[in-house]
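Enquirer: Here it is, the structure, as structure tokens.
The values are calculated or read from the model by the stated rules, or taken from the named source; none is laboratory data. Note that this is a predicted model, so its numbers are computed, not measured. Counting neighbours? That spans all protein chains shown, and the Cβs are built from the backbone with ideal geometry, glycine included.
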Amino acid sequence: MNAKSLVITGSRDVSSDVARDLFEQHLSSFLHQGRTWLLGGARGIDQWAMEWLLEHNESCWIVVPYTSARQPKWLQPFLEQMERVVELQLPKRKNASAYRNRYMVDLCGIVIGFRSGKGLGTLRTLKYALRQQKEVHAFPVFMKADDAQDDGPRTYEL
């Protein structure tokens with residue numbers, strides 16, 4: 001890959017509407033420049049990024065830690081639409097996603113992260129990218145104060 005390729009990483013608990021707003025605001029300037037987008041195929045930001053980028057006819061690669069056949073059912077239709085599916089064929093381990101994320105960072109020039117503050121995968125990926133001296137753009141996803149109780153679905157806004 002080269003400096004024109006980008007990785008998108010992010011939290012899994014971000015809704016489609018919030019993600020689309022974030023992408024329009026922060027990713028639109030990267031569209032239609034012959035770039036390759038690398039995605040990890042997780043729920044949340046990865047999922048919404050796949051949809052959004054495909055709608056914009058961007059070149060997308062998905063990097064999966066195992067094989068295509070071992071991916072969740074919801075992801076299967078996306079695999080068919082990707083320019084390339086990279087199957088790392090890792091052993092089934094807890095750190096397989098972290099290894100996949102580092103692999104993607106190593107292939108790209110720019111890493112863009114959207115983090116809600118939950119979980120550590122996105123944060124660890126962004127820190128790894130900084131250590132590798134990649135260009136990093138990190139955007140927080142804020143939870144509304146009135147949704148802070150743990151009594152139901154959460155919504156997020158910029």
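Enquirer: Residue check: is residue 39 surrounded by 12 or more Cβ atoms within 10 Å (Cβ to Cβ), modelled with pLDDT of 95 or more and more than 24 Å from residue 124 (Cβ to Cβ)? Write out each step before concluding.
Expert: On the way: surrounded by 12 or more Cβ atoms within 10 Å (Cβ to Cβ): yes; modelled with pLDDT of 95 or more: yes; more than 24 Å from residue 124 (Cβ to Cβ): no.
Considered against the rule, which asks whether it is surrounded by 12 or more Cβ atoms within 10 Å (Cβ to Cβ), modelled with pLDDT of 95 or more and more than 24 Å from residue 124 (Cβ to Cβ), residue 39 comes out as no.
Enquirer: Same structure again: Restricting attention to region 120-150, and to residues there that are among the small types (Gly, Ala, Ser) and more than 21 Å from residue 27 (Cβ to Cβ), which single residue is modelled with the lowest pLDDT? Please lay out each step first, then the result.
Expert: Going through region 120-150, the residues among the small types (Gly, Ala, Ser) turn out to be 121, 129, 138, 145, 148.
Cutting the leftovers down to more than 21 Å from residue 27 (Cβ to Cβ) gives us 145, 148.
Values: 145: 46, 148: 37.
Going through the qualifying residues, I end up with 148.
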